[in-house]
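Take a look at the structure set out below.
Bear in mind that the values in this text are calculations on the coordinates, not laboratory data. The structure presented is a predicted model; accordingly, all values stated were derived computationally and were not measured. Counting neighbours? That spans all protein chains shown, and the Cβs are built from the backbone with ideal geometry, glycine included.
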Amino acid sequence: MEIAIVPVLTEEDARAKAFVHWKTWQAAYAGLVPDSYLFDPSFPERCVKIALAIRDNNLLAKIGDQAVGFAAYGEYRGEDLSDTAELDALYVLPEYWGRGIGYALMNAAAEKLADYRKIALWVLEGNARAIRFYERYGFRFDGAERTLKLGEPRTARRMILERTRD
């Protein structure tokens with residue numbers, strides 16, 4: 001199984017990213033986010049609008065012609081951390097979990113963010129699978145939390161990866 005990591009450049013890529021976003025949310029957040037939010041009929045179209053509007057700093061994981069995951073990254077959007085980038089999203093279709101695709105995407109995003117000493121991300125409280133993945137990669141909780149409105153208020157906790165500079 002050869003994984004290709006490519007930038008999201010075309011409308012076709014953006015739509016493939018949107019599909020991964022939608023289907024992965026339904027699997028990853030089952031039991032953490034209300035079904036009424038995850039299975040809202042407008043959710044797929046919201047994913048498409050986001051994907052078409054924001055293509056920069058997005059990577060798509062493909063096996064052959066099929067998109068199986070994506071990562072979104074950029075400069076940290078908060079004001080409380082300096083020299084910090086942010087992993088905005090990392091999603092892999094559930095049927096591809098455990099096959100190294102998340103690591104391939106994380107490595108590619110980290111490479112794009114090589115100029116930053118730290119990478120921050122927000123993970124939904126209770127998302128044990130994601131938390132284990134990020135901890136294995138070297139991320140650690142720093143104590144920061146924020147509330148997200150995902151049909152109902154949910155807590156997200158910040159994790160930081162600190163890297164040494166050569």
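Remark: the chain carries a charge dipole of roughly 300 debye about the Cα centre, counting +1 on each Lys and Arg Cβ and -1 on each Asp and Glu Cβ. Taking every alpha-carbon pair under 8 Å whose residues sit at least 6 apart, the range 6-96 reaches a relative contact order of 33 percent.
Just from its helices, what would the mean residue ellipticity at 222 nm be for the chain, if runs of 4 or more DSSP H residues each count -39500 (n - 2.57) and the sum is divided by every residue, rounded to the nearest 500 deg cm²/dmol?
Values: 5 runs with 55 residues, N = 166.
Value at 222 nm, helices only: -10000 deg cm²/dmol.
Using the per-residue mean of other Cβ atoms lying within 10 Å as a proxy for protection, in what order, highest first, do the peptides 129-135, 33-39 fall? Mind dumping the intermediate values first?
Values: 129-135: 16.0, 33-39: 14.3.
My ranking of the peptides, most packed first, is 129-135, 33-39.
Diffusion of the chain by Stokes-Einstein, at 10 °C in a medium of 1.306 mPa s and with Rh set to the Kirkwood radius over alpha-carbon pairs, works out to 97 µm²/s.
Here is the list for the range 42-82: trypsin sites (Lys or Arg not before Pro) lying in DSSP coil, each with at most 15 other C-beta atoms within 10 angstrom of its C-beta, are 77. Note on residue 26 and residue 46: the model spin-label points, each 7 Å out from Cα along the C-beta direction, lie 1.5 nm apart. Among the lysines of the range 3-162, pairs at least eight places apart or on separate chains and with Cα atoms under 25 Å apart come to 11.
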